Amino acid sequence: MNWVSIRLEKRLDTPRWLNAVTPVLSVLAALVFIAVLFYILGVNPLVAYRRIFMGAFGSLYGLSETLTKAIPLILCGAGLAISFRARVYNIGAEGQLLVGAIAATWVALFVPGIPDPLRLPAMFVAGALAGALWALIPGLLKAKLRQDEVLTSLMLVYIASELVNHLVYGPWKGAQEWGFPYTDKFPPSAIIPHLGTTRIHYPTLIIAVLAAILAYYFIQRTRWGFEIRVTGENPEAARYAGMNYLRTVLLVIGISGALAGIAGVGEVAGIHGRLRYPQGISPGYGFTAIIVAWLARLNPLAVLLTGFLISGLLVGGDAIQLALNLPAATVHLFNGVILLFVLSGDLFTRYRVRIEFPARMAPAVAVRPGVEVKE
Amino acid sequence: MAEPSLAVEMRGIVKRFPGVLANDHVNLAVRTGEVHALLGENGAGKTTLMNILYGIYHPDEGEIFVKGKHVRIHSPSDAIRLGIGMVHQQFRLVPSHTVAENVVLGLPRPFFFPERAARQKLREFAQKYGLEVDPDARIWQLSAGEQQRVEIVKALYRGADILILDEPTSMLTPQEIRELMATVRRMAAEGKTVIFITHKLDEVFAASDRVTVLRQGKVVATLETSQTDKRELARLMVGRDVLFRLEKKPVTLGPTVLEVKNLHVRGDRGQMAVKGVSFHIAAGEILGIAGVAGNGQRELAEALAGLRPAVKGHVFLKGKDVTNQPPRVLARSGVCYVPAERPVGTVPNLSVAENLVLKAYDQSPFCNGIFLDPEAIANHADRLIAEYGVATPSRETPLKLLSGGNIQRAILARETSCAPSLLIAVHPTSGLDVGATEYIRQTLLAQREQGTAVLLVSEDLEEILQLSDRIAVMYGGEIMGILPAEQADLETIGLMMAGIHREVA
């Protein structure tokens, strides 16, 4: 009993500053942890971090790539922030992104008779609808049959992924693509314009930024947003106040699915110009967006920032993979470690740590009966 | 002067929580073999102090002496080693295990068949202190009073000679309370030291030798129980004089507002929790429903509020059949509901203002189209905070930072400000201090004078007797009888709470 004891005590309230500082400190702690891994891998962590930073933000090219990859992260992240606020844990944004890509491809290649200027808008609408419908499946299963949405939405990712595989290897395989699992190239009217020579498909970027801002006002200022917050904070109170649980669940998961679907449209029509095998369309944006949303503390406005930063990490991670000859899993490791630290970091907003020192500081324990101890 | 030997002495105990000084240099001396009541309002720091003694919390300052020895108590296991046992308000028993298994749970020795070794001791405790329990009964089969006995036995089995009871009577019938008090006295007579936490004055006089009064984290006084009276203790506890009789004005009854016919409702586990209940309430009348918790009162109230389906029977509101209408429809037709668990009726992390519009957020003026109107919500909050005297730093403060009494004021403000025709209040004052309780009761009476039909469910018989015009007693999902308040007394109601039928008035 004579060691320093560390115990956690529940906080009654979390100061505002702590809410802001915790994610930052969590990420820093994660970076320190990863630095140790770098060291074990024989790489100087400082060099690695410098390369990551320079790769992501140190050049116009890097910056433009970071912005490009931030688009799907912001779209998915803003949607997930809404969903998670209602405590609906949609883990399947990746799958919703993929079905959005499928729907866009369908409109781009297989729906005749759309006037050219309406082709892209139609693709966005189709992608959003497809993503929303895909997400409504776990939503309905949760609200009606009490099935865990974490599991069902995740399983649907694999189904969506296999669906893409089926299409690009089978019925939709392009005539001019020889052996590659690609569809034909989209017609020019189905390609999202870029900013100069970069890969930034700016119309999607504008949609992403607007989506994040609107999501914020939606949560804070509308009656549905109020229902979402109440349902997330205390589902019992939502029931007590007569709020419609089914509607809230379907609403949040539908919105997050729609935004993920739009992200999918952006990837096929803004980057690749065709549907490809699933990993070619998205290296897991839908999953990485979970980190983006948590890091933003489920505030869609903050998603703009965290989406950009995490995107920088992806771009920088790719850069060091090549430059320092690191395994391809490095970036995944990054993401995993950061999420782990951010989620555990939440502990400190709910508890405070008390460290108690042993007898050295305060003499104690058995003294002769009846004798008072003076310090 | 020679002090009798002290079982426990706590000196200068300070315990801070963020924003709260829970214990402010508290001194407590408990003599060996006495029953010491720790009296105070909710939030006065009683439970905190005892949690410190039991090693759950650690004091920021101060010293603890147990049986004359200066000790540091790091954990409940330290406390148990020192002979301290604590029975918490919420029992910590495994429902599917037997009494004997629960008693020996977690003990290192003997490794094999420990419950056999326990039997002998259990018999001994039964004889010595009147702690009669069947060692083979399973916990879920036992009443609250019996479960509490198991908790006490558990503490004694671990060698406790200093026993802390935290609000021990909150779950018990009047008869069970009497038995508990007798047990407490017998334990003291056998040399055990008992500290019990309470905010009920009657219990102090029923069992204690001395009483320490806490107010806002400070000790106000330690007195010999025989040399004080109810009025003095109440004043010490609250800090001002307290009304013990509420003024109940005569009210002419209006037309029947609520009529319930042969209502059947299922509980959480699918069992029939309400079995064919019928009654009616008129405008301007308070119908009190007494009974030990878990006899169908909660399910009845939830069914009336639309939160639980009725499987059989009918509910009429002002003559209209509203059986199984959704909560929102009922709320719009004037049914207001103050639920038993405060967290059910509130969202702790949202602001006071947002909680005050929890049910009306989607109606004008708080909402235009789909957009909330923050200004209207703020004005509404300011008005109710002032009108109902909700003590809060601001309307934007998260509700969870308010005291229980103020949270209840806020709920009542929300539920009564819309002039309800039926107000369902379940345990509206449970866990509240004297001041808040008085206010809540006055609000209920004011509602009655305004012509609201009030259904009051409470375990506090004094409350039921004080407020109700008629009293119904529920037992096992049925109404044992309905008495006019004038004909009701503690004894009759107590018998009905234990399942003995009476005539319906």
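The values are calculated or read from the model by the stated rules, or taken from the named source; none is laboratory data. Small disclaimer: the values here were computed from a predicted structure and weren't measured. All Cβ positions, glycine included, derive from the backbone under ideal geometry; neighbour counts span all protein chains shown. When the accessible area is computed, the model is the full protein with side chains, heavy atoms only, and any ligands, DNA or RNA have been set aside. Shrake-Rupley method; radii C 1.70, N 1.55, O 1.52, S 1.80 Å.
Do we find that B:Ala425 is under 21 Å from A:Tyr240 (Cα atoms), touching an Asp or Glu at 6+ places or on another chain (Cβ under 7 Å), open to solvent by less than 60 Å² (accessible area, probe 1.4 Å) and at pLDDT 90 or above in this structure? Judged against the criteria, B:Ala425 is not a match.
The set of residues in the range A:122-135 being open to solvent by less than 50 Å² (accessible area, probe 1.4 Å) and hydrophobic (A, V, I, L, M, F, W, C) consists of A:Ala122, A:Met123, A:Phe124, A:Ala126, A:Ala128, A:Ala130, A:Ala132, A:Trp134, A:Ala135. Within the range B:324-344, is even one residue over 21 Å from the mean Cα position of the chain (by Cα), more than 14 Å from every other protein chain (Cβ to nearest Cβ) and open to solvent by less than 40 Å² (accessible area, probe 1.4 Å)? Looking for residues that are over 21 Å from the mean Cα position of the chain (by Cα), more than 14 Å from every other protein chain (Cβ to nearest Cβ) and open to solvent by less than 40 Å² (accessible area, probe 1.4 Å), one finds none in the range B:324-344, hence no. One residue stands out among those in the range A:207-232 that are open to solvent by 10 Å² or more (accessible area, probe 1.4 Å) and under 14 Å from A:Leu259 (Cβ atoms): the one that is nearest to the other protein chains (Cβ to nearest Cβ), which is A:Phe218.
Look at the range B:395-412: where a residue is away from every other protein chain (no Cβ under 12 Å) and β-branched (Val, Ile, Thr) and a partner is open to solvent by less than 30 Å² (accessible area, probe 1.4 Å) and assigned to a loop (DSSP other than H, G, I, E, B), sitting 6+ places away or on another chain with Cβ atoms under 8 Å, you get B:Ile407/B:Thr346.
Determine, yes or no, whether A:Leu304 is within 23 Å of A:Asn44 (Cα to Cα) and out of contact with any Gly (no Cβ under 6 Å at 6 or more places or on another chain). Break it down stepwise before answering.
Values: within 23 Å of A:Asn44 (Cα to Cα): no; out of contact with any Gly (no Cβ under 6 Å at 6 or more places or on another chain): yes.
For A:Leu304, the condition - within 23 Å of A:Asn44 (Cα to Cα) and out of contact with any Gly (no Cβ under 6 Å at 6 or more places or on another chain) - is not met.
Restricting attention to the range B:434-452, does a residue exist that is modelled with pLDDT of 85 or more, in a helix (DSSP H, G or I), within 22 Å of B:His380 (Cβ to Cβ) and among the small types (Gly, Ala, Ser)? Within the range B:434-452 (the criterion being modelled with pLDDT of 85 or more, in a helix (DSSP H, G or I), within 22 Å of B:His380 (Cβ to Cβ) and among the small types (Gly, Ala, Ser)), the answer is yes, since at least one residue qualifies. More than 14 Å from every other protein chain (Cβ to nearest Cβ) and surrounded by 18 or more Cβ atoms within 10 Å (Cβ to Cβ): is that true of B:Val434 in this structure? Yes, satisfied. If you check B:Ile52, B:Ile84, B:Ile64 for being of a type in the set (A, V, I, L, M, F, W, C) and away from chain A (no Cβ under 14 Å), only one passes: B:Ile84. Selection within the range B:122-133: residues that are part of a helix (DSSP H, G or I) and touching a residue at least 40 places away in the same chain (Cβ under 8 Å). The member of this set that is least open to solvent (accessible area, probe 1.4 Å) is B:Tyr129. Here the condition is being modelled with pLDDT of 90 or more, open to solvent by 30 Å² or more (accessible area, probe 1.4 Å), more than 21 Å from the chain's Cα centre (by Cα) and farther than 24 Å from B:Val292 by Cα; of B:Arg158, B:Arg186, B:Arg119, B:Arg109, it holds for B:Arg186 alone.
Scanning the range A:160-176 for residues that are in contact with a helix residue (DSSP H, G or I) (Cβ under 9 Å, 6 or more places away or on another chain) and open to solvent by less than 90 Å² (accessible area, probe 1.4 Å) turns up A:Ala160, A:Ser161, A:Leu163, A:Val164, A:Asn165, A:Leu167, A:Val168, A:Trp172, A:Lys173, A:Gly174. Residues that are in contact with a Ser or Thr (Cβ under 9 Å, 6 or more places away or on another chain), surrounded by 19 or more Cβ atoms within 10 Å (Cβ to Cβ), of a type in the set (Ser, Thr, Tyr) and assigned to a loop (DSSP other than H, G, I, E, B) do not occur anywhere in the range B:393-404.
Taking the criterion of being touching a helix residue (DSSP H, G or I) at 6+ places or on another chain (Cβ under 7 Å), at pLDDT below 75 and open to solvent by 40 Å² or more (accessible area, probe 1.4 Å), the only residue of the range A:13-60 that qualifies is A:Asp13. Inside the range A:329-357, can you point out the residues that are open to solvent by 70 Å² or more (accessible area, probe 1.4 Å) and away from chain B (no Cβ under 14 Å)? Answer for the range A:329-357, where residues must be open to solvent by 70 Å² or more (accessible area, probe 1.4 Å) and away from chain B (no Cβ under 14 Å): A:His332, A:Leu333, A:Leu340, A:Leu343. Just a yes or no: is a residue in the range B:290-304 within 14 Å of chain A (Cβ to nearest Cβ) and in contact with a helix residue (DSSP H, G or I) (Cβ under 7 Å, 6 or more places away or on another chain)? No, the range B:290-304 has no match at all.
The residue that is nearest to A:Ala86 (Cα to Cα), counting only those in the range B:345-390 that are assigned to a helix (DSSP H, G or I) and open to solvent by 50 Å² or more (accessible area, probe 1.4 Å), is B:Pro374.
Kindly provide the set of residues from the range A:244-293 that are over 30 Å from A:Gln176 (Cβ atoms) and among the aromatic types (Phe, Trp, Tyr), ordered by number. Result: A:Tyr245, A:Phe287.
In this structure, does B:Ile482 turn out to be over 21 Å from the mean Cα position of the chain (by Cα), modelled with pLDDT of 90 or more and outside any loop (DSSP other than H, G, I, E, B)? Yes; evaluated as a whole, the condition is true for this residue. Residues considered: A:Ala215, A:Ala175. Of these, the only one that is of a type in the set (Gly, Ala, Ser) and in contact with a Gly (Cβ under 9 Å, 6 or more places away or on another chain) is A:Ala215. Of the residues in the range A:175-192, not one is of a type in the set (Val, Ile, Thr) and assigned to a helix (DSSP H, G or I). If the condition is being farther than 14 Å from B:His88 by Cα and either part of a helix (DSSP H, G or I) or in contact with a strand residue (DSSP E or B) (Cβ under 7 Å, 6 or more places away or on another chain) (or both), then the range B:134-155 contributes B:Pro135, B:Asp136, B:Ala137, B:Arg138, B:Ile139, B:Trp140, B:Gln141, B:Glu146. Is at least one residue of the range B:16-28 closer than 19 Å to B:Ile80 by Cα and either within 13 Å of chain A (Cβ to nearest Cβ) or open to solvent by less than 10 Å² (accessible area, probe 1.4 Å) (or both)? No - not one qualifying residue is present in the range B:16-28. For the range B:319-344, a residue qualifies if it is of a type in the set (A, V, I, L, M, F, W, C) and part of a helix (DSSP H, G or I), and the qualifying residues are B:Val329, B:Leu330, B:Ala331, B:Val344. Looking across the range A:233-251, the residues that are open to solvent by 50 Å² or more (accessible area, probe 1.4 Å) and facing chain B (nearest Cβ under 7 Å) come down to A:Glu233, A:Glu236, A:Arg239.
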